[in-house]
Structures are given as structure tokens and as C-alpha cells.
There are 2 protein chains.
Amino acid sequence: MGVTIKDIAKAAGVSYSTVSKALLNSPLVKEPTKKKIIAIAKELNYQPNAAARRLASKKSNTIGVVWPTIERVTLSALITKINEQLEAASYTTLLSINPVETAVTIFNQFQVDAILVFDDNNKSEYTSSSSVPVVSYGLSDPNSPYPIIDVNRKQAIHLAVEYLYQQGHRKISYIGNVKGIDRLQEEKVDSFQKSVSDLGIDTFANAVISVDSLDQYDGYLAAKNILHSEHIPTAIICGSQDLARGIIRATQELNVSIPEDISIISYDNIPQREDLIIPLSTVGVPLDTISEHVAKTLIDVINKEEISNTITLEPELKITNSCRTIKE
Amino acid sequence: MGVTIKDIAKAAGVSYSTVSKALLNSPLVKEPTKKKIIAIAKELNYQPNAAARRLASKKSNTIGVVWPTIERVTLSALITKINEQLEAASYTTLLSINPVETAVTIFNQFQVDAILVFDDNNKSEYTSSSSVPVVSYGLSDPNSPYPIIDVNRKQAIHLAVEYLYQQGHRKISYIGNVKGIDRLQEEKVDSFQKSVSDLGIDTFANAVISVDSLDQYDGYLAAKNILHSEHIPTAIICGSQDLARGIIRATQELNVSIPEDISIISYDNIPQREDLIIPLSTVGVPLDTISEHVAKTLIDVINKEEISNTITLEPELKITNSCRTIKE
DNA sequence: TTGAAAGCGTTACCAT
DNA sequence: ATGGTAACGCTTTCAA
């Protein structure tokens, strides 16, 4: 450990302030000098000391991400994308899996440039004392002291219902009413019910199906129940891609064809996995859109740009041949 | 932002070096002075500057964890435990989801006290240039330049086979031969085959069942196939708890009773989820054991204690009534 | 018991 | 174009 710019300076026969400039690629250093210094730095395997750098420059080029226990799986792909985007903007991402409050404190001590909080439970109170700017991805809240990026789930489900209606579907089921309290899921169920009733679609026994969780097996069970009953819908909207996978398995087992016998649209923000036999119609905000907005907001916040406090991302409908038109 | 010890010193009417000592709880500061200083610090909402602290003390009290893309789900519980343990030892954990090489560089720049690498692919070459000590959790390798903590999977499966044999089982299936290359899974399959043949158990059609992945649905499918065939084992060992869940679902569907008709033992290091209908017999290293060893090794490495380069943790067999004895 | 001052590795400003 | 040096906020040694 411990190669410093002074060591490089000695080796290169220049002052260490010149080394500093060269390493920061300053135009104030002549090209040949710069080249030489960089070469020596590489040779000595120089690693800049982030602590010293931050202390002197008041800038860490680091963004702290609060990633609490919950949702670790679902958010994995999103975090990976955000990490990439921030890296492209030459920011380093550091994560903490501590509770929001603790993590925010840690990141404040580390003087990161900004903090991203993944927060499904609206814990805004906890983070109000951060002197580092905070951005959150979670449920929007007009009273939040910092920007929150949210997804318009209601609109997503609405789009799906509307589309199916236009295609002639009148018996539509929604699978994904998670038992227990989950505001994200409730929003979707509510939107389904409202959309359906606004369109004057008759409600029927299997209109809203509850599940234990959003896993593949839950979808499988739910679909089997439906398909064995007398109230078989012509279309299913489901709350997650995992549910959809289970539903597809069930249809295959029971020799029900998609989309001939039943159409299916899944809500999801994450990109579709390749391994589905039937490419899935989906509604949701593309992962790239989310990550771009999150990354951009973080950078804007760092640069003290004006930012609207609530950013609601609008979903897109992507139709594949997992849906069909019903002609009367 | 920006309350420093100098601000506190001014407010308290002492020198800032006294403040520093007081905040570090040094015995060199009188109790009343200390109390007063701490009170003021709290009042001003003072946050120590981690960068400055590290620069001056050469110590960060921080451990960097390299979080791999793969296996993020499985390792989630483990990293949570490790985080807790390290916190108890007053270390802060920071994660990076970058590739090993990048993450190690970042952590070197941040001068963390030690780096923990989760590494399934033995990428030791990448991390050899770290000046910060590295500890890895992954496949043991005698040539590794740093300590690796590993789990004795072979012994785990061996214990399971042996136990079932002692209980009179002679037709035992192993579900969990993952298609594709996965050394962790291969180790288990190999051990199963060796243990079985050492005990002189006849091999039969359904002895080793391959699966696409270790998910619940794969277990479900595999079990269904077995139970529909003519070669039904009296006991199943499976490679993960998720597989076990699927297997149990399949038995329920087909009215096969556990353990009356079939016994089941699952390999797993993570604690059993509560929601299984049948409490599962398991073999594996308890999560707490793993996390304790990892945390301890990290701290030992920081304190430059002597450490054996390969630590292999031994599994435990936990039998519940998912297994039964076969009497002739 | 408290204070003064050096120093950690770097950046950034001012001089040369 | 390069060098000198203060400053960043803190810990730590030495002096008082």
C-alpha cells in the first residue's frame, strides 16, 4: 500500500502538484510530461486515495444507494442498470443494506455526492436530516422533502384493460391481489377494478384472484384454479412476470392455448426473460426508462438543477402474440 | 452541511483537539468536559467526516463487500447476517455490485480495512493486486493468496445418504443435477454418487435427476416425473430448499404422504422458511456459522492474526419428521 | 487534564 | 508549463 503522488513526483522528477494536474488530465500540463507521469503512475500501480481526494476537492464522485432487505431481488436488475449509467457519468456506486436511517447516516459521513433510497414504505421522515441530497425511488408523496421517482401503476393496468376491451374481451381476470398489505399491489388491483367498471364490463366470479406472493408457483396455482372453474376468462392480466410464467405453465399442462383460448398481459418493469415459450405482452415502464430517470435525477440533484419533486413515469404497452382479438 | 469539530470547540470553549479526544471517548478527557462536548455535538447534529478521519487515522472501520450478479438472492440472507455481525464489532459494511476487479479497485481507493469477495468462479487472479486484505467466500483453492471460506458440500450430501441408509432406505434419489456447468452443484452430485456406491446401494433409473435450475418449479416438475414413473424412491435428497418446496407441492397434488410414502432431506445453508407445511430435514452449514466465520476472518485479517488459508465449514444434519425409518 | 501543532494525500490557487 | 503552498477535517504526539 501507499504509493502517493509524491512518490510519482520523485520518480518523474517533477513537483507533486504537477503530478496531480497530470493525473486529473489538466490542460495545464504538457502532453509529453503528462504521458510520462501517467506511465509512471501505472507502473507503480498508483491508486488515488479517495479520502484525501474528497477532503481536498469536496467531491467524492460517489453515490450511495440504500438498499434495504425488502425487494432485494426485484430491484437487483434496476440497481445494476443504474450502476452502469452512473458509471458512464463517472460516478461510483456504493450500496448499504442497513436500515434507511443508518445507511443515510453512513453515507453522510462518507460525504457521498448524493443518496438514492429505495423505499417502498415512505419513510421520508427518517431521511430528512441528511445534508447530502437524497433521491428516492418508491411511492410518490407530494409532501416529500426530496424528489421521488414513481411508476404510474394505475395507468399501466388501465392501459392493459382498455387494450383488451378494445380487442373484444369482456371476461378479464386480474391475478395478483397479494394477501396482506402491499400498497404497490393494491394500487394495481384498484385500478383494475375501476377500469373494468368504467368500461361497464360485467364483473364475474374470477375477476380478481388473490395470491400469496408474486412467485411463479402462485401464478401456476391461481391459473389452475381458474381454468378448472366454470368462469374462465378470455384474458388474464397479472401483476408480475413470475406470475405470468406460472400461468403459462398451467395453461400448457391443461392444454389451453395462448392466445387462442386465453390472452395474457403481464405487468412488469423488468425486461422479459428470454426463456418463455410464448413471448409475453406486457405493460410497465421499461427498466431503461426508470434507470435513466433515476440516474439523471441524481446527477441533476448533485448539480443543483431545478427538479420537480415528484416524477411519475408513464408505462408502455407492449403487445405480442400472447393476446388475440375476439370477433363477434 | 459542515459542522466540524472546530465549531464544537468554539461552542464548548475548548480546543478542537480536546473535542476530538472527547468524541473518541478518550480517557484523557475529564468526564464533565466530555459530557458537555458530546451534548453540543449532538445538538449541532455533528457528523464526523469519514474522509478526514480515515486520512488521519489510517483506519476506516469499513469493510467492502463485492456482491456478485449471480446468486444475489441466495446470498442475501448471508450478507445481512454478516453485516449485523460486523456492525456489532463496530465495522460499517459497504457493498459494490461491480465486477470483482472494479470493485476491488474502488475499495482500495476508499481504503477500506478489508474486502469480502463472494466468488463462485474462483477469480483469484483478479484480486491479487489488492493492497487491502481480501477474504473470499467461495470454492476453496489451496493456491489462493488470501483466505477462502468454503462449505463442505460433499460431506453434507454424504451425511444425508448415510443417515437415510441407516434408516433402512435403499432407493434414494438425488434431485438437483443442474444442467450446465456449476461446480457447486457438481460437487454435491458427485458426492451423492460416491456415497451411494460406497454403501453398495443399487443404482436405479431415478437415482440422479437433472433440473434446469434450483427453483421451486424445477423441483415440482422433477418430483412429478419421478412419482409418475415405475421407479419411485423411498427417499429424496435435493439440492436446495426451493427444490424441496416444489417437491412437497408435487407430493401433495399426487396424494403422496411425507414421510409415510417418501422421505425427504434438503441441502441448504439458509434457515428454513416458516411457511412449509412439513418441516424439512436439512443438511448444511447453518447460516449463523457461516456468517460468524466470515466476520471473524475479516476481523482477524484486519488485525493481522495468523489465519489458515482455507477454512472449510462442516455441515450439520437436522432431522425432522420429513424422514421415516423403514423396517423390514 | 487540556492545548498546540504536525501530518495524512490530495486539490486548487497563486507564483514563477 | 511547472512549482510552491494553503487548505480540507481529523487524529495523534508532544508540550504545557
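The values are calculated or read from the model by the stated rules, or taken from the named source; none is laboratory data. Note that the coordinates shown come from a computational prediction; the quantities given were computed from them, not determined experimentally. Cβ: placed from backbone, ideal geometry, glycine included. Neighbour counts: every protein chain shown.
Check region A:149-170 and report whether any residue there is in the same structural domain as A:Q241 (by TED's automatic domain parsing), assigned to a loop (DSSP other than H, G, I, E, B) and buried (at least 19 other Cβ atoms within 10 Å of the Cβ). Scanning region A:149-170, I find at least one residue that is in the same structural domain as A:Q241 (by TED's automatic domain parsing), assigned to a loop (DSSP other than H, G, I, E, B) and buried (at least 19 other Cβ atoms within 10 Å of the Cβ), so the answer is yes.
Here is a check on your reading of the model: is B:K188 touching a residue at least 60 places away in the same chain (Cβ under 8 Å), within 27 Å of B:G138 (Cβ to Cβ) and out of contact with any His (no Cβ under 7 Å at 6 or more places or on another chain)? First the steps, then the outcome.
Numbers: touching a residue at least 60 places away in the same chain (Cβ under 8 Å): yes; within 27 Å of B:G138 (Cβ to Cβ): yes; out of contact with any His (no Cβ under 7 Å at 6 or more places or on another chain): yes.
Answer is yes for this residue.
The residue that is farthest from B:S60 (Cα to Cα), among those in region A:79-93 that are touching a helix residue (DSSP H, G or I) at 6+ places or on another chain (Cβ under 8 Å), among the hydrophobic types (A, V, I, L, M, F, W, C) and surrounded by 19 or more Cβ atoms within 10 Å (Cβ to Cβ), is A:I82. Being within 12 Å of chain A (Cβ to nearest Cβ) and within 13 Å of DNA strand C (Cβ to nearest atom), is that true of even one residue in region B:15-24? No, because not a single residue in region B:15-24 is within 12 Å of chain A (Cβ to nearest Cβ) and within 13 Å of DNA strand C (Cβ to nearest atom). Given the criteria assigned to a helix (DSSP H, G or I), near DNA strand D (Cβ under 8 Å from one of its atoms) and basic (K, R), does A:K34 qualify? Judged against the criteria, A:K34 is a match. Scanning region B:294-310 for residues that are surrounded by fewer than 18 Cβ atoms within 10 Å (Cβ to Cβ) and either in contact with a helix residue (DSSP H, G or I) (Cβ under 7 Å, 6 or more places away or on another chain) or farther than 20 Å from B:K59 by Cβ (or both) gives B:E306, B:I307, B:S308, B:N309, B:T310.
Taking the conditions exactly as written (more than 16 Å from DNA strand D (Cβ to nearest atom), buried (at least 17 other Cβ atoms within 10 Å of the Cβ) and either free of Cβ contacts under 8 Å to residues at least 60 places away in the same chain or of a type in the set (S, T, N, Q) (or both)), does A:Q111 satisfy them or not? Can you show your working first?
Details: more than 16 Å from DNA strand D (Cβ to nearest atom): no; buried (at least 17 other Cβ atoms within 10 Å of the Cβ): yes; either free of Cβ contacts under 8 Å to residues at least 60 places away in the same chain or of a type in the set (S, T, N, Q) (or both): yes.
No, not satisfied.
Of everything in region A:230-276, what is under 26 Å from A:T80 (Cα atoms), in a loop (DSSP other than H, G, I, E, B) and either within 14 Å of chain B (Cβ to nearest Cβ) or out of contact with any Gly (no Cβ under 7 Å at 6 or more places or on another chain) (or both)? Give them in sequence order.
Selection gives A:I270, A:P271, A:Q272, A:R273, A:E274, A:D275, A:L276.
Kindly indicate whether any position in region B:24-34 is more than 26 Å from B:Y91 (Cβ to Cβ) and surrounded by 17 or more Cβ atoms within 10 Å (Cβ to Cβ). Checking region B:24-34: not a single residue is more than 26 Å from B:Y91 (Cβ to Cβ) and surrounded by 17 or more Cβ atoms within 10 Å (Cβ to Cβ). Condition check for A:T69 on (1) in a helix (DSSP H, G or I); (2) away from DNA strand C (no atom under 16 Å from the Cβ); (3) at pLDDT below 95: one failure, at (1). The numbered conditions (1) touching a Ser or Thr at 6+ places or on another chain (Cβ under 6 Å); (2) of a type outside the set (A, V, I, L, M, F, W, C); (3) surrounded by fewer than 19 Cβ atoms within 10 Å (Cβ to Cβ) are all true for A:P286 except (1).
Just name the residue that is surrounded by the fewest Cβ atoms within 10 Å (Cβ to Cβ) out of those in region A:35-66 that are within 9 Å of DNA strand C (Cβ to nearest atom) and among the hydroxyl-bearing types (S, T, Y).
Going residue by residue through region A:35-66, those that are within 9 Å of DNA strand C (Cβ to nearest atom) are A:46-59.
This time we only want the ones that are among the hydroxyl-bearing types (S, T, Y), so: A:46, A:57.
Values: A:Y46: 19, A:S57: 10.
This residue is A:S57.
Scan region B:6-28 and give yes if some residue there is outside any strand (DSSP E or B), over 36 Å from the mean Cα position of the chain (by Cα), away from DNA strand D (no atom under 13 Å from the Cβ) and of a type in the set (D, E), otherwise no. The answer is no; no qualifying residue exists.
Of the numbered criteria (1) among the polar types (S, T, N, Q); (2) at pLDDT below 90; (3) under 21 Å from the mean Cα position of the chain (by Cα), the one B:Q185 fails is (2).
Could you please let me know if A:N49 is within 16 Å of DNA strand D (Cβ to nearest atom) and within 11 Å of chain B (Cβ to nearest Cβ)? Show your work before the answer.
On the way: within 16 Å of DNA strand D (Cβ to nearest atom): yes; within 11 Å of chain B (Cβ to nearest Cβ): yes.
So A:N49 fits the description; yes.
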